[in-house]
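Single-structure report; data block below.
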Amino acid sequence: AVVSTQSGHYGRDNSSANTWQCISADTEINSGPCRRSCHKMVLDSKHKLIYILGRYLDVRARVNMELKSDFYCYDIQCDQWNLISSDTGSEGGPSLIYDHQMVLDSDLQTIYIFGGKILNNSGIRSEAEYSGLYKYHIPSNVWTVLKPDNDLMLRSRFGHSMLYHPDKKQLFIFAGQREHFLDDFLVYNTHNDTVEEVMCVDETKVPESGFTMRATIDTQHQEIHMMSGLSKDHRNGSKDYTDAKTKIYVYSLKRNKWNEVGKNAGCTEPEPCPRFAHMLVYDSRKKLHYMFGGNPGAGNPMERGTDMDRRLDDFWCLRIKRPAFGDMKRALQFLVRKFKFRDMSLRDPVGALLYLQQHVEEVSRLYLYSIDSSILS
């Protein structure tokens, strides 16, 4: 695993040995990107390349500054940086953006970038501008605008989640924020340029809208994993932000259904405390999630304050345990015996009570999913 930080450090984590290795203390002097935050990186595991786009600049740093969107590639095997573009905005790509999302199709050698806020020199109170959906074809070095910011079916946003299914050639886009929190679940089909809104089987189990929700995808099991971020208190029309709560959901692509599989409302060891603006990645071979950092504070993330300025530097490993055969067997037994009990209760209440005590209770405790978490650092 390779990470980039606002301080300009670039490091490698050897997960098996639980150690870090600093690749570069200052990437800028090695012909790489300058220090930054709110950027995005994607890994081309097939060609061992990392692509980096976007960054945030404080309002004071933008004064009298020409805002350009640089685009870098890092060759892991050669330990070498390459500046692909000094300004993607002048080449048909996105302007300088932050809090966007970026995914890569290694087979098609195509990068998709969606959303994020566009930086300008007009000050913090100027009207926000958002970036649309772009694709970048690596071999030909060509940018294409797929959906503009004002597209009615795919509204641009920031603080959202986006995943790519390489077999279906689809983008999955969740939530985020524009003028307010968004709670939509959209699918963009890259092969025919269409957008669909996903209407789930049971809408009551859909994750609540939030800011910086994190998601991963497991194409083998056809599942999407979602970790909640920061949500708003909607009671009585309130616009206040609530404390972050750690809720973990699993969405089945086959059954079109969400399930909540874990939650933690406070700091309880050995579980990570609730947070938002963290990072989450997934090792599809080992079926492990790795989570780093984030903000545990409450309040409005758009306003600076003591609590909201707190940052976490803990590093966690999480595993979602899938139901074993024995769990599935007990689940089926429980359903069969539950309906038999209901039928008996209409004809023989006493016999039904005995059946409930002797046969239903023993299979009533079901653990279809469980969460294991351990702190790495």
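The values are calculated or read from the model by the stated rules, or taken from the named source; none is laboratory data. Keep in mind that this is a model prediction, so the values were computed, not measured. Backbone-built Cβ (ideal geometry, glycine too); neighbour counts: all protein chains shown. Please note that ligands, DNA and RNA were not included when accessible areas were found on the heavy atoms of the full protein model with its side chains. Shrake-Rupley method; radii C 1.70, N 1.55, O 1.52, S 1.80 Å.
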The residue from Arg235, Arg214, Arg255 that alone is at pLDDT below 80 and either under 19 Å from the mean Cα position of the chain (by Cα) or not hydrophobic (A, V, I, L, M, F, W, C) (or both) is Arg235
If you scan the stretch 291-309, which residues turn out to be over 18 Å from the mean Cα position of the chain (by Cα) and modelled with pLDDT of 65 or more?
Gly297
Can you tell me which of (1) of a type in the set (Ser, Thr, Tyr); (2) open to solvent by less than 20 Å² (accessible area, probe 1.4 Å); (3) assigned to a loop (DSSP other than H, G, I, E, B) is the one Tyr112 doesn't meet?
(3)
Residues of the stretch 337-356 being exposed (fewer than 13 other Cβ atoms within 10 Å of the Cβ) and either basic (Lys, Arg) or part of a helix (DSSP H, G or I) (or both), in sequence order, are Phe339, Arg342, Asp343, Leu346, Arg347, Pro349, Val350, Gly351, Leu354
Consider the stretch 216-232. How many of its residues are open to solvent by 20 Å² or more (accessible area, probe 1.4 Å) and aliphatic (A, V, I, L, M)?
1
Report every pair of residues separated by at least 6 positions or lying on different chains whose Cβ atoms are under 6 Å apart, first residue within the stretch 251-280 and outside any loop (DSSP other than H, G, I, E, B) and crowded, with 16+ Cβ neighbours inside 10 Å, second modelled with pLDDT under 80 and of a type in the set (Val, Ile, Thr).
Trp258/Val206; Gly262/Ile371; Asn264/Thr246; Phe276/Thr212
Return yes or no: is Leu312 touching a Cys at 6+ places or on another chain (Cβ under 8 Å) and either modelled with pLDDT of 85 or more or under 30 Å from Lys117 (Cβ atoms) (or both)?
yes
Exception for Ser284 within (1) small (Gly, Ala, Ser); (2) open to solvent by less than 50 Å² (accessible area, probe 1.4 Å); (3) modelled with pLDDT under 90 falls at (2)
So, in the stretch 58-91, of the ones that are in a loop (DSSP other than H, G, I, E, B) and within 29 Å of Thr216 (Cα to Cα), which residue ends up least open to solvent (accessible area, probe 1.4 Å)?
Ser69
Mind checking which residues of the stretch 96-106 are touching a residue at least 60 places away in the same chain (Cβ under 8 Å) and either assigned to a strand (DSSP E or B) or more than 24 Å from Arg178 (Cα to Cα) (or both)?
Tyr98, Gln101, Met102, Val103, Leu104, Asp105, Ser106
